[in-house]
1. Between Lys112 and Leu27, how high is the FRET efficiency from 1/(1 + (r/R0)^6) when r is the Cβ-Cβ distance and R₀ = 22 Å? Nearest 0.05.
2. Kindly provide the Kirkwood hydrodynamic radius of the stretch 4-239 in Å, to one decimal, from all pairs of distinct alpha carbon atoms.
3. Starting from the Cα coordinates of the stretch 139-186, work out the convex hull volume and express it per residue in Å³.
4. Please go through the residue pairs Lys21/Lys112; Lys21/Lys234; Lys167/Lys219 and name each one whose alpha carbons sit more than 22 Å apart in this structure.
5. Arranged from highest to lowest average of other beta-carbon atoms within 10 Å per residue, in what order do the peptides 97-105, 185-193, 160-168, 115-123 appear?
6. Sorting Met145, Met169 on the 10 Å Cβ count, fewest up front, what's the list?
7. Rank these for me by crowding, Ser140, Ser9, Ser85, going from fewest to most other beta carbons within 10 Å.
8. Determine the equivalent ellipsoid of the stretch 77-195 by diagonalising the alpha-carbon gyration tensor, then write out the semi-axes as square roots of 5 times the eigenvalues, largest first, rounded to whole Å.
Amino acid sequence: MWDRAELKSLAKEVLKNNYWKAFLISLVILISGGGSSGGGPVSRNARETIGEWVDYTEYAIIIIAVVILLAAFRILIGYALEIGSRKYFVQSAQYKNDIGCYDFAFNSGNFKGIISTMLLRDIYIFLWTLLLIIPGIVKSYAYRMVPYILADNPKLGADNAITLSRKMMDGNKFELFVLELSFLGWYLLGLLALVVGVLFVNPYYNATEAQLYLALRSKAIDLGHCTYEDLNIKNNSDRINHDGYYWE
C-alpha cells in the first residue's frame, strides 16, 4: 500500500525549487475547471405574478447562456489546460523537462483525444450523479486518474483511459479520500488567511496527487493492466522511486 506521508514528502522535495511555477500551474487548473442558483416567486396578484415570471425567465436565459459559455470554455479550452497542467506536475515529479506541456495538450494530434475522453468521463460522472449523489462521488474517484493518463498518452482512447483509471483506483478510492482529508488543516489555515491562502495549498496537493499517479501507474504496469507502450513510457527509468517504494 502506498504511504501518504511518503507521497507528501516527495511532493515537498519537488516543490522546493519550483513552488511559484507550480503555484501558477495550479491556478490554471483552477481556472480550467468549472458551478447554481435558485428562487421562487411570491404570489400577490396576476399582474405581479406575470411580471415576476418574465423577470425570472430573463434570469433563466442569462443563467443558461452563462452555463453554456462555461461548458464551451471547459470543453474547448479547459480540458487541454488541465491535461497540460497535470503533465507539468507529472514531469516535475520525475525531475524531467517540463517545457511545452501546454503545447503538447493543444497539439492537433492530441487535442481530439483529450476532448473526447474528458467529455465522456464527465458525462459518465454526471449520469451516475443523476442516480444518486454517492455513486457520482464514487465514480469521480474511480475516474480521477484519467487526466494523468491522458497527460502520458492522449491517444490511448476514451474507453481505454477510463477503464485504466478505474483499475488503478480499484481499492484506492477511500485511500485517496483520506489523503485529501490530510490536507484539510492546510486548507482551513488558507481560509483563515483571507481565503486567498487556499490557493497557496493547491501546488502542494497537486504535486502530491502527481506522486500518487506515478505509484498507481507503476503498480498498473506490474499487474498487467497496461504496458509501457500504452502510456508512452520508454524504459524503466520512468518508474524511478516508485517500484517497491510505495507498495508492499
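1. Between Lys112 and Leu27 the formula returns 0.25.
2. Values: mean 1/r = 0.0511 Å⁻¹.
The Cα-based Kirkwood calculation yields 19.6 Å.
3. Numbers: hull volume 3.4 nm³, N = 48.
About 70 Å³ per residue, rounded to a whole number.
4. Details: Lys21/Lys112 27 Å; Lys21/Lys234 27 Å; Lys167/Lys219 10 Å.
The answer is Lys21/Lys112; Lys21/Lys234.
5. Working: 97-105: 15.6, 185-193: 13.4, 160-168: 21.6, 115-123: 18.3.
Those peptides, ordered most packed to least, come out 160-168, 115-123, 97-105, 185-193.
6. Numbers: Met145 27, Met169 21.
The most exposed by this proxy come first: Met169, Met145.
7. Numbers: Ser140 16, Ser9 12, Ser85 26.
Taking fewest neighbouring Cβ atoms as first place, the list is Ser9, Ser140, Ser85.
8. Working: eigenvalues 118, 90, 38 Å².
Semi-axes (√(5λ), whole Å): 24, 21, 14.
No value in this document is a laboratory result; all are computed from the given coordinates. These figures come from a predicted structure and were not determined experimentally. Glycine also receives a Cβ, built like all others from the backbone with ideal geometry; neighbour counts cover every protein chain displayed.
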